[in-house]
Amino acid sequence: VPEGLPMAVTMALAFATTQMLKDNNLVRVMASCETMGAATTICSDKTGTMTENKMTVVKFQICTIDGDRDSDSGKFELKMATLLSDGIAINSTAFNTPDGWIGSKTEVALLNFSASVLHQPNYQSQRENTRVIQRVPFSSERKYMTTAVEAFSPEGRPIGRLFLKGASEIALSKCNRVMGKDGAIEELQEDDIKHMHECISEYANESLRTIGLAYKDIVDTELFSQVSSDPESLEQQTDFVWLGVVGIEDPLREGVQDAVTKCQKAGIMVRMVTGDNLQTAKAIARKANILDSNGLAMEGSDFRKLNDDQYRKLIPKLQVLARSSPLDKQILVRKLKQYGEIVAVTGDGTNDGPALKAAHVGFSMGIAGTEVAKEASAIVLMDDNFTSIV
């Protein structure tokens, strides 16, 4: 090897990194500039990368009452409005500061919904006046969050109350009762469940993220003390009362369709990997020109059950992986590498670390990304925008 060659290559790559910074790509590993030029597939997150991550509740079906962002809360009976706003305020960790909101964008959308539609803007006092006993935080594997608090029955007796929010179909599967529009609690019938699934599908087809809300009162002191002391016991609770579902809009970023089309023209396959439900993911993937008539969309729970032959047959056609866990993303990256693809991956969470490391080139998010994701990545997207990759 001529002694000047390593030096020349390093200089060329160093020049490339300064040029890439102008396109909002902060290069952490120099060689990734060259690898990225050879990429054949990009596995991209949806929220924040393809979409703007500006979430707003635009539709809801609460206690069998349908409404949208301009609805009047007068249609909610006081008990319902209180339960809903308490659940949203207490079963949440987002908070407002003089510089803006901090925390999950989904929780911020729900807190804004509570303030505008339920007229409960003071979420801080709701949190201060409630004693939280136990909390199971949201995780990408579990897809829901539960908080146990001390409450009082209508007769003034101390009881335990659990609030649950999360992926709508998972929240619904934990419910066996529903609160009606008059505030009365009834058993969930087959027809009710069918109607709710139709509502969730309708929202998902409009590319809305659907979040289910539920609660449960525990009168049995022994059971409540068990739930209070053991997060696993709280996680396993069922027989909740379904309060309703909200549809949250997260609009596509400008220029994403053109960026995806450019990739496809250059022979790069773009795949969307998201925690959203299948219909929402498919609706957004179609809008972004990712999913076509020959493409395949599937859920993480089905994907991880496949055997090697099925992986080999299905992965080349896979364009959307919905309800995916970090492990699914890692499996997808490993398999694509095995089939000779040069793989780029985007990720922002701590749990995306393994997939970012496993890929040939990992892109982390400069704005929404965690330190762990940035450390595991080769390039940091300064504006969190898919278009900057292109």
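Could I have the simple spin-label model distance between Gln264 and Leu78, label points 7 Å from Cα toward Cβ, reported in nm to one decimal?
Label at Gln264, label at Leu78, 5.6 nm between them.
Counting only heavy atoms of protein chains, what accessible area per residue, in Å², does the range 191-310 have with a probe of 1.4 Å?
Numbers: 5670 Å² over 120 residues.
Value returned for the range 191-310: 47 Å² of accessible area per residue.
With the cut-off at 1.5 for a/c, could you classify the range 97-171 from its C-alpha gyration tensor as rounded, prolate or oblate? Could the numbers behind the result be given before it?
On the way: a/c = 1.82, a/b = 1.18, b/c = 1.54.
Because a/c hits 1.5 or more and a/b fails to exceed b/c, the range 97-171 counts as oblate.
Kindly identify the range 146-211 as rounded, prolate or oblate by the Cα gyration tensor criterion: order the square roots of the eigenvalues as a ≥ b ≥ c, call it rounded if a/c is under 1.5, otherwise compare a/b with b/c, prolate if a/b is larger, else oblate.
Numbers: a/c = 2.81, a/b = 1.73, b/c = 1.62.
Judged from the Cα gyration tensor, the range 146-211 comes out prolate (a/c at least 1.5, a/b above b/c).
Quick check: residue separation of Thr40 and Glu150 times 0.36 nm, minus the Cα distance between them. What number comes out in nm?
Working: separation 110, 0.36 × 110 = 39.60 nm, distance 5.40 nm.
Residue separation times 0.36 nm, minus the Cα-Cα distance, leaves 34.2 nm.
For the range 234-359, what D do you get in µm² per second when you plug the Kirkwood radius from alpha-carbon pairs into Stokes-Einstein at 25 °C and 0.890 mPa s? Walk me through the numbers before you get to the answer.
Values: Rh = 16.0 Å.
Translational D for this selection: 153 µm²/s.
With the other protein chains left in place, how much accessible area per residue, in square angstrom, belongs to the range 86-187 at a 1.4 angstrom probe?
Values: 4820 Å² over 102 residues.
Spelled out: the 1.4 Å probe surface of the range 86-187, per residue, equals 47 Å².
First check a/c for the range 263-325, with a ≥ b ≥ c the square roots of the eigenvalues of its C-alpha gyration tensor; if it is under 1.5, answer rounded, and if not, answer prolate when a/b is larger than b/c or oblate otherwise. All intermediate terms of the calculation are to be shown ahead of the outcome.
Working: a/c = 2.19, a/b = 1.18, b/c = 1.85.
Taking the square roots of the gyration eigenvalues as a ≥ b ≥ c, the range 263-325 is oblate.
Sort the following peptides by mean Cβ neighbour count (other Cβ atoms within 10 Å, averaged over residues), highest first: 160-171, 28-39. Present the calculation step by step, with values, prior to reporting the outcome.
On the way: 160-171: 23.2, 28-39: 16.4.
Taking the mean over residues of other Cβ atoms within 10 Å, the ranking is 160-171, 28-39.
What is the percent of Cα-Cα separations in the range 199-241 that go past 14 Å? Walk me through the numbers before you get to the answer.
Values: 553 of 903 pairs.
In whole percent, the long-distance tail amounts to 61.
Quick check on my link table: of Lys105/Lys337; Lys194/Lys317; Lys174/Lys282; Lys79/Lys216; Lys287/Lys317; Lys54/Lys265, which ones sit more than 22 Å apart, alpha carbon to alpha carbon?
Details: Lys105/Lys337 33 Å; Lys194/Lys317 31 Å; Lys174/Lys282 25 Å; Lys79/Lys216 14 Å; Lys287/Lys317 18 Å; Lys54/Lys265 30 Å.
In this structure, Lys105/Lys337; Lys194/Lys317; Lys174/Lys282; Lys54/Lys265 exceed 22 Å between Cα atoms.
Which value in Å does the Kirkwood hydrodynamic radius of the range 47-178 take, with 1/r averaged over all unlike C-alpha pairs and then inverted? Intermediate results must be reported in sequence, preceding the final value.
On the way: mean 1/r = 0.0628 Å⁻¹.
Over the range 47-178, the inverse of the mean reciprocal pair distance is 15.9 Å.
Any chance you could run the full-extension gain for Val29 through Glu222? It's 0.36 nm times the residue separation minus the Cα-Cα distance, nm to one decimal.
Details: separation 193, 0.36 × 193 = 69.48 nm, distance 5.56 nm.
63.9 nm is the gain from fully extending Val29 to Glu222.
Accessible area of the chain with a 1.4 Å probe: how many percent of it is carbon plus sulfur?
Details: 9350 of 18150 Å².
Heavy-atom surface of the chain belonging to carbon and sulfur, 1.4 Å probe: 52 percent.
Starting from 0.36 nm per residue, how many nanometres of slack lie between Arg157 and Ile185 once their C-alpha separation is accounted for?
Numbers: separation 28, 0.36 × 28 = 10.08 nm, distance 1.92 nm.
That pair, Arg157 and Ile185, stretches by 8.2 nm at full extension.
Taking the Cα-to-Cβ direction at Leu314 and at Lys194 and moving 7 Å from each Cα, how far apart do the two end points lie in nm?
So the two model labels end up 2.9 nm from each other.
The values are calculated or read from the model by the stated rules, or taken from the named source; none is laboratory data. Only a predicted model underlies this, so the values are computations on that prediction, with no experimental measurement involved. As a convention, Cβ positions derive from the backbone with ideal geometry for all residues, glycine included, and neighbour counts pool all protein chains shown. The area values use the complete protein model at the heavy-atom level, side chains included, leaving out ligands, DNA and RNA. Shrake-Rupley method; radii C 1.70, N 1.55, O 1.52, S 1.80 Å.
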